[in-house]
1. Once you sort the root eigenvalues of the Cα gyration tensor of region 91-209 as a ≥ b ≥ c, which label holds: rounded (a/c under 1.5), prolate (a/b larger than b/c) or oblate (the other case)?
2. If amide hydrogens are placed 1.01 Å from N in the peptide plane, which non-local residues have theirs closer than 5 Å to the one on Gly247?
3. Please work out how much length the chain gains when fully extended from Lys72 to Ser190, using 0.36 nm per residue of separation minus the C-alpha to C-alpha distance, in nm with one decimal.
4. Heavy atoms only, probe 1.4 Å: what % of the accessible area of the chain goes to carbon and sulfur, would you let me know?
5. Of all DSSP beta bridges in the chain, what percent run antiparallel (nearest 5)?
6. Evaluate the distance, in nm, between pseudo-label points positioned 7 Å from the Cα of Phe231 and of Cys26 along their respective Cα→Cβ axes.
7. Can you give me the distance in nm between label points at Lys90 and Thr211, each placed 7 Å from the Cα along the Cα-to-Cβ direction?
8. What's the extension gain from Tyr177 to Ala239 if we count 0.36 nm per residue and subtract their Cα-Cα distance?
Amino acid sequence: MKNFKWLIKASRLTLRFLGLCLLLLCCALVYAKYIEPDWIDINSLQVTLPHLSAEFNGYRIVQISDIHRDTKWMSQKRFRNIISLVNQQKPDLIAITGDFVTQYSPSIVPTLKFDLNRFIARDQTVAVLGNHDYRNDYKAIIQAIEKSGITYLNNDVYTIRRGSSMLHIAGVDDIWYGKPRLDLILNQLSNEGAAILLAHEPDFADNSAATGRFDLQLSGHSHGGQIRLPFITELFLPALGKKYYFGRYQVENMIQYTNRGLGMIGIYMRFAARPEITVFTLVAPNKR
């Protein structure tokens, strides 16, 4: 009889435990589906760049990535709210590191021009394409970018000047589907001034750091894993975004930063990988 009562008690405890686990799982799914995707992290960082001139001390770069405009989640209204958040950061320069739209979303491409011209930066907005852009009409995306007054950097360099001092913003073509040419970028770069590289896929940092010319690389692509859980995150990391997939890294003498992006693909959920707007304040080294 005692054994029978103990068995009933143990069964009840087991059922309560399983019920609690089910409740926690349901809460986690609701959070990942309806809360975190809209909970944008405005992440502010100071980065010291060895070659930055004192004239650019305090310069503010706002980076966004992986917008993924589509018909499922990243609506025009959501995107415009994001643009307002970006403009509120009072950027000197806005850097967009690719994936304006989700792959195979042809109906979205013509609408881009109505939103991209809303970005406001003191100097300029610059951008590179990502792999998803190349799976659409990428020429039309480039046209929308350029008609919006954004500088499209396709193996190119945009230089900001403060008197005789320079800050170089370079952009390499998409590593996956484009024609990345670091050699063309390096041929355009002056030996003077800090150089920042926009590269959609973060693992390209091994190549750019090896040149010894770039102080900072800004990337996206990985969504920070989008769903970050032990032993599971790796399943959600794309090719060329597995090594430097989340936040800040030191790659040789270059800082690599991977933005978690704003949109989503595949499973439309985020967990422990909030969408991100990154605000970089550049710091010039103390030179004595």
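The values are calculated or read from the model by the stated rules, or taken from the named source; none is laboratory data. The shown structure was predicted, so the numbers you read here are calculated from the model rather than taken from an experiment. When we count neighbours, we look across all protein chains shown, and the Cβ atoms used for this are built from the backbone with ideal geometry, even at glycine. For accessibility, only protein heavy atoms count, side chains too; no ligands or nucleic acids. Shrake-Rupley method; radii C 1.70, N 1.55, O 1.52, S 1.80 Å.
1. oblate
2. When sequence neighbours closer than 5 places are left aside, the close amide H contacts are Thr258.
3. 38.1 nm
4. 56
5. In the chain, DSSP labels about 35 percent of beta bridges as antiparallel.
6. 2.6
7. 3.3
8. 21.1 nm
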